[in-house]
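Okay, so here's the structure we're looking at.
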Amino acid sequence: MSLERRLEGKVALVTGAASGNGRAIAARFLREGASVVGADVEGLPGELVADGAEPFRCDVRSGDDVRAAVAAAIDRLGRLDVVVANAGVNLGVHDLEDEPFAVYEQTIAINQTGVWWTCREAARALRAQDDGGRIVVIASVASLVGTPSGIAYNASKGAVLQIVRTLAPQLAPYGITVNAICPGYVRTGMTAETQADPVLLERALAAHPLGRLGEPEDVAGAAFYLASDDASWVTGITLTVDGGYTCV
């Protein structure tokens with residue numbers, strides 16, 4: 001892939017950067033010239049650290065942790081330009097009557113409240129700098145259409161779209177854009193069960209007109225676009241990266 005290093009001089013904070021889409025986003029940003037703080041409850045992969053990513057332990061359920069991650073990016077790297085609220089979980093498929101409340105509670109705490117904390121602390125920091133910025137939220141096709149993936153997951157992903165739609169006009173006067181990416185089924189640990197089951201995999205492939213599951217790099221490319229100057233007049237959008245899942 002030919003890269004233009006169009007994020008040279010930018011500082012990005014990516015939550016959930018240790019694996020899956022977050023790992024791919026952090027790697028793409030680094031290759032495009034950005035300085036990256038990878039925030040996660042787990043340590044960052046060695047290749048990200050070797051490429052210059054700054055690890056920071058952060059549980060997005062904790063406002064103190066998120067606030068500290070934002071402060072660390074600014075303290076270590078001098079400023080903050082892009083924040084990607086990626087951290088999320090899918091704790092299994094349950095019908096509502098069988099879904100344990102603990103699963104619902106943890107899913108909402110990470111997927112929804114974690115995005116709320118990340119967006120709030122990012123907004124505060126970017127406004128204080130007074131020279132614009134980018135906030136990118138990783139939502140899901142489950143934000144847009146009904147899926148059997150579980151009430152808690154779907155509810156949390158629907159909620160984060162409303163966070164984006166509400167925050168975008170609030171921050172627009174300050175030159176800060178806020179956008180969402182809605183991936184389809186992507187080859188990450190979150191879809192491991194689907195990938196391992198031939199029946200589920202065939203069903204998932206059939207649901208995507210392009211005939212394949214997504215790769216984390218597909219999501220990373222969309223995040224790069226929204227972080228770049230090409231998206232300077234783009235805010236409040238839902239960018240579906242789903243192989244056509246939501247068009248059928």
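The values are calculated or read from the model by the stated rules, or taken from the named source; none is laboratory data. Since we're looking at a predicted model, the values are computed, not measured. Cβ sites come from the backbone with ideal geometry, for glycine too, and all protein chains shown count toward neighbours. Please note that ligands, DNA and RNA were not included when accessible areas were found on the heavy atoms of the full protein model with its side chains. Shrake-Rupley method; radii C 1.70, N 1.55, O 1.52, S 1.80 Å.
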*Going by the conditions given, is GLY243 farther than 17 Å from TRP116 by Cα, in a loop (DSSP other than H, G, I, E, B) and open to solvent by less than 60 Å² (accessible area, probe 1.4 Å)?*
yes
*List the pairs whose first member sits in segment 90-119 and is closer than 23 Å to SER62 by Cα, whose second member is open to solvent by less than 50 Å² (accessible area, probe 1.4 Å) and aromatic (Phe, Trp, Tyr), and whose Cβ atoms are under 6 Å apart, counting only residues at least 6 apart or on separate chains?*
ASN90/TYR153; THR107/TYR153
*Name every residue in segment 134-176 that is at pLDDT 95 or above, in contact with a Phe, Trp or Tyr (Cβ under 8 Å, 6 or more places away or on another chain) and buried (at least 24 other Cβ atoms within 10 Å of the Cβ), in order of residue number.*
SER140
*When you scan segment 2-111 for strands (runs of 3 or more DSSP E) that lie fully inside it, which ones turn up with 3 or more residues that are of a type in the set (A, V, I, L, M)?*
11-15, 35-40, 82-85
*Residue satisfying all of: in segment 62-94; within 23 Å of ALA155 (Cβ to Cβ), surrounded by fewer than 17 Cβ atoms within 10 Å (Cβ to Cβ) and within 20 Å of the chain's Cα centre (by Cα); modelled with the lowest pLDDT among these*: GLY92
_Positions within segment 155-197 being aliphatic (A, V, I, L, M), in contact (Cβ under 8 Å) with a residue 12 or more places away in the chain and part of a helix (DSSP H, G or I), in sequence order_ = ALA155, ALA159, VAL160, LEU161, ILE163, VAL164, LEU167, ALA168, LEU171, ALA172, MET190
*Hits in segment 179-216 (condition: of a type in the set (Gly, Ala, Ser) and either within 21 Å of the chain's Cα centre (by Cα) or surrounded by fewer than 16 Cβ atoms within 10 Å (Cβ to Cβ) (or both))*: ALA180, GLY184, GLY189, ALA192, ALA196, ALA206, GLY211, GLY214
*Of the residues that make up segment 95-102, is at least one closer than 24 Å to THR188 by Cβ, open to solvent by less than 80 Å² (accessible area, probe 1.4 Å), hydrophobic (A, V, I, L, M, F, W, C) and in contact with a strand residue (DSSP E or B) (Cβ under 6 Å, 6 or more places away or on another chain)?*
no
